[in-house]
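Okay, structure first, notes after.
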Amino acid sequence: MRIALVGPPGSGKGTQGELLGHRLSVPHISSGDLLRDATRAGTPWGSKAKDYMDRGQLVPDELVLELIKERVARRDCDGGFLLDGFPRNPDQALALTRVLNGAGLDHVIAIEVPEQSIVERLSGRRTCRGCGRLYHLTFNPPRRFGRCNVCSSELFVRDDDREDTVRERLAVYRRQTEPLMGFYSDAGLLRRVDGSGTPDQVTRRILEVVEELR
Ligand code: AP5
């Protein structure tokens with residue numbers, strides 16, 4: 001099963017990717033996480049990508065595609081995968097079909113959340129520096145302040161969660177990613193899911209949609 005989760009920044013793609021990956025037994029592949037790992041390596045390529053990310057802009061397609069191509073070619077993706085944040089525009093969608101030798105995706109799940117919730121979710125997000133687990137100061141606080149429940153590493157605020165960058169990310173989403181909805185709707189693959197409520201409620205809604213289409 002090959003699924004892509006799409007939606008605005010903070011809509012819960014990463015949270016749902018982690019929960020659904022376990023439920024469906026497929027790897028969760030976040031293009032944002034792949035890029036952040038690559039930028040930590042400190043290569044000139046990584047610094048270039050970080051510059052785009054810190055400004056809230058999309059990283060050039062060819063850089064992201066290389067990472068995705070390498071990741072979906074690994075053995076653990078033989079039975080499918082769950083993409084989070086990729087594709088992000090119609091060109092990336094076309095490129096993905098080429099990477100998959102024309103096979104394409106089975107489902108594209110669009111997570112819909114009102115803008116007020118997005119701001120609230122991103123301003124309280126904390127991420128574990130060790131294992132990448134996601135927290136929220138109000139909705140999913142860690143047991144010990146500033147520390148991960150699982151590996152005890154420090155929790156940090158992402159560089160691109162500053163207010164001005166979040167505004168830019170939302171504008172980029174509307175301009176460059178929303179056209180993807182028309183692309184996948186025309187292809188008969190787009191399923192819109194209400195992203196409000198608890199993470200478990202959202203997971204249930206997505207699973208219902210996926211089961212219906214099996
Ligand atoms: P990326 O990391 O993909 O960021 P994003 O799409 O902006 O999405 P976020 O990770 O901010 O949010 P999310 O939807 O995953 O929400 P989350 O689950 O964390 O990309 C970062 C950058 O990388 C981009 O700006 C771009 O520069 C670059 N990039 C990435 N992919 C690219 C591509 N394909 N092409 C080009 N460039 C690319 O949830 C947010 C918070 O809300 C958390 O605190 C969470 O705990 C909480 N939360 C989640 N669900 C709920 C709920 N139901 N109720 C209450 N709180 C909730």
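Listed here are the residues, each with its yes/no results for (1) touching a residue at least 40 places away in the same chain (Cβ under 8 Å); (2) within 22 Å of Ser47 (Cβ to Cβ); (3) of a type in the set (Gly, Ala, Ser).
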{"residue": "Val150", "(1), (2), (3)": "no, no, no"}
{"residue": "Val157", "(1), (2), (3)": "no, yes, no"}
{"residue": "Val172", "(1), (2), (3)": "yes, yes, no"}
{"residue": "Phe183", "(1), (2), (3)": "yes, no, no"}
{"residue": "Leu189", "(1), (2), (3)": "yes, no, no"}
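Among the residues of segment 135-146, is there at least one that is near the ligand (Cβ under 10 Å from one of its atoms), touching a residue at least 24 places away in the same chain (Cβ under 8 Å) and closer than 25 Å to Val59 by Cβ?
No, segment 135-146 contains no residue that is near the ligand (Cβ under 10 Å from one of its atoms), touching a residue at least 24 places away in the same chain (Cβ under 8 Å) and closer than 25 Å to Val59 by Cβ.
Residue by residue, here is whether (1) more than 8 Å from the ligand (Cβ to nearest atom); (2) more than 15 Å from the chain's Cα centre (by Cα); (3) closer than 23 Å to Arg129 by Cβ holds:
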| position | (1), (2), (3) |
| --- | --- |
| Gly7 | no, no, no |
| Asp33 | no, no, yes |
| Arg40 | yes, yes, yes |
| Pro44 | yes, yes, no |
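Kindly evaluate Asp84 against the criterion of being charged (D, E, K, R), within 17 Å of the chain's Cα centre (by Cα), modelled with pLDDT of 95 or more and within 10 Å of the ligand (Cβ to nearest atom). Show your work before the answer.
Numbers: charged (D, E, K, R): yes; within 17 Å of the chain's Cα centre (by Cα): yes; modelled with pLDDT of 95 or more: yes; within 10 Å of the ligand (Cβ to nearest atom): yes.
So Asp84 fits the description; yes.
Report yes if some residue within segment 138-161 is buried (at least 16 other Cβ atoms within 10 Å of the Cβ), modelled with pLDDT of 95 or more and under 17 Å from the mean Cα position of the chain (by Cα); otherwise report no.
No, the conditions are met nowhere in segment 138-161.
Please find, among Ala41, Ala95, Ala110, the residue that is hydrophobic (A, V, I, L, M, F, W, C) and more than 25 Å from Ser185 (Cβ to Cβ).
Ala41
Please go through segment 169-193 and give me each residue that is surrounded by fewer than 17 Cβ atoms within 10 Å (Cβ to Cβ), of a type outside the set (A, V, I, L, M, F, W, C) and out of contact with any strand residue (DSSP E or B) (no Cβ under 6 Å at 6 or more places or on another chain), ordered by number.
Of everything in segment 169-193, those that are surrounded by fewer than 17 Cβ atoms within 10 Å (Cβ to Cβ), of a type outside the set (A, V, I, L, M, F, W, C) and out of contact with any strand residue (DSSP E or B) (no Cβ under 6 Å at 6 or more places or on another chain) turn out to be Arg174, Arg175, Gln176, Glu178, Pro179, Gly182, Ser185, Asp186, Gly188.
Kindly indicate the residue of segment 39-70 that is touching a residue at least 12 places away in the same chain (Cβ under 8 Å) and part of a loop (DSSP other than H, G, I, E, B) and also surrounded by the fewest Cβ atoms within 10 Å (Cβ to Cβ) among those meeting that condition.
The extreme case among them is Arg55.
Report yes if Ala93 is within 23 Å of Met181 (Cβ to Cβ), assigned to a strand (DSSP E or B) and within 12 Å of the ligand (Cβ to nearest atom), otherwise no. Steps first, answer last, please.
Numbers: within 23 Å of Met181 (Cβ to Cβ): yes; assigned to a strand (DSSP E or B): no; within 12 Å of the ligand (Cβ to nearest atom): yes.
It is false that Ala93 is within 23 Å of Met181 (Cβ to Cβ), assigned to a strand (DSSP E or B) and within 12 Å of the ligand (Cβ to nearest atom).
The values are calculated or read from the model by the stated rules, or taken from the named source; none is laboratory data. All figures in this text were calculated on a predicted structure; none of them were measured in a lab. All Cβ positions, even for glycine, are placed from backbone atoms using ideal geometry, and neighbour counts span all protein chains on display.
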